[in-house]
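Heads up: the structure comes next, in structure tokens.
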Amino acid sequence: MIRVAIVEDQRIVREGLIAVLEDEASIAIVGEAANGQEALHLYAQELPDVVLMDLQMPVMDGPTAIGQLCQRWPQAKVLVLTTYATDEFIWAALRAGAKGYLLKDASADELVSAIQAVARGMTHLAPDIAAKLVAGVSNPQPESLTPRELEVLHLLGRGRSNSEIALELDIALRTVKVHVQNILGKLGATNRTEAVSIAVRQKLISLT
């Protein structure tokens, strides 16, 4: 029996996934979470075999949660289920430690197969995602920013304070501070102003 935890901020999607997976005899749903922070607590309590996780969520996004999960529990197996098929999201998830990447237009059979593969320790990528990687369409940098870090960076470029960013993105102030420090480190900047300047030069953000 594969014990699965579902991490998805939209309740109707969570309920749909549960309805689909409950019909599969080899899978048992052990819990659900609406954001990355809840996912960490859920994992600590249940230690599921596979975590089925969305990427764009409030409080703590998917890539950040995946990174923390894999750091705290190296045995964690995360299968991303998302609508995003862009290079930015794919590499953010895979670099964070995701073992699989599936799109939400996948069939129920594809979803079950992906969960079973990841549970066995295999990597499972949606065909379109695998094709992009094999074709070399993506050319990620080792220290590129996560989707959430890019959101924070955009707001830094608009002159927002940490408190304002926390309010606008609906995340904790301490989480914003962590993102800012990560941004500075990845961009090689010593302060927020320099980080914004570097980001503009690298065309990561636009101030217009």
Sorted by chain and number, the residues with a modelled amide H under 5 Å from that of residue 32, at a separation of 5 or more or across chains, are 6
Using only Cα atoms, what is the ratio of the radius of gyration of the chain to 2.2 N^0.38 Å?
1.05
Return a whole-number percent for the relative contact order of region 1-67, with Cα pairs under 8 Å and 6 or more residues apart as the contact set.
41
Determine ³J(HN,Hα), in whole Hz, for all residues of region 53-60 in sequence, where each value follows from phi through the Karplus function 6.51 cos²θ - 1.76 cosθ + 1.60 and θ = phi - 60°; x replaces Gly and Pro.
10, 7, 9, 8, 9, x, 6, 8
If you average the sequence gap of Cα pairs under 8 Å that are 6 or more apart and divide by the length of the chain, what percent do you get for the contact order?
15
Expected sort for 41, 154 with the fewest Cβ neighbours (10 Å cutoff) up front is 41, 154
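Values in this text are rule-based calculations from the coordinates and carry no lab data. Just so it is clear, the model here is predicted, and its values are computed rather than measured. We place every Cβ from the backbone using ideal geometry, glycine too, and count neighbours over all the protein chains shown.
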